[in-house]
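Quick note: the coordinates plus some simple rules give every number you see, no bench work behind them. Because the structure is predicted, anything quoted here is derived from the model rather than measured. Cβ placement follows ideal geometry from the backbone for every residue including glycine, while neighbour counts extend to all protein chains displayed.
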Amino acid sequence: GNGTFERCFIFLICNFEFDIVVISCSTFKCPITYALFERPMKNKVCHHVYSFAGITHHLKSKRRCPVAGCRNDNVTMQQLHECEETKLRVKRFKARAAREKEQRMTQDNDDYLDIDADNMEGAGTTFIE
């Protein structure tokens with residue numbers, strides 16, 4: 001593509017106490033909803049991508065492309081088509097994030113079991129003198 005994917009940084013902020021993982025990457029986020037793309041729609045004129053729900057809502061009151069600095073001031077539904085490339089990228093991103101979370105959870109469980117094994121040495125044994 002245009003290098004956007006290569007410039008994307010994935011930030012993982014983990015709070016293991018509450019098992020909260022926040023994953024953020026602007027390449028996969030709608031410029032209207034700020035959420036990961038759901039049913040991404042690409043504009044044939046300016047080539048920007050939006051979530052279907054986001055652009056549908058946006059077009060009820062505005063015609064200008066919501067991407068800052070874009071000169072397309074007459075966006076219509078006819079300019080939009082489903083973007084299979086973005087859909088695939090989001091799917092891969094979600095799968096990768098799920099794999100990374102699973103690996104972290106497995107590692108945490110392994111560490112926990114190692115600690116338990118160390119602490120349980122001699123447990124359950126009664127010594128009678």
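Excluding same-chain residues fewer than 8 positions from residue 44, which lysines have a Cα within less than 17 Å of its Cα?
Answer for residue 44, where 17 Å is the Cα cut-off: 87, listed by chain and number.
Can you divide the C-alpha Rg of the range 45-101 by 2.2 N^0.38 Å and report the result to two decimal places?
Dividing the Cα Rg of the range 45-101 by 2.2 N^0.38 Å gives 1.37.
Could you work out the local net charge near residue 71, counting Lys and Arg as +1, Asp and Glu as -1, over the other residues with Cβ closer than 13 Å to its Cβ?
Around residue 71, the charge tally is +1.
Which length gain, in nm to one decimal place, applies between residue 71 and residue 56 when the Cα-Cα distance is subtracted from 0.36 nm times their residue separation?
Contour length minus Cα-Cα distance gives 3.5 nm.
Skipping prolines and chain starts, which residues have an amide H placed within reach, meaning under 5 Å, of the one on residue 41, given they are 5 or more residues away or on another chain?
Those lying under 5 Å, H to H, from residue 41 are 50, 51, 52, 83.
With a Förster radius of 35 Å, plug the Cβ-Cβ distance of residue 103 and residue 29 into 1/(1 + (r/R0)^6) and report the FRET value to the nearest 0.05.
Plugging the Cβ-Cβ distance into 1/(1 + (r/R0)^6) gives 0.90.
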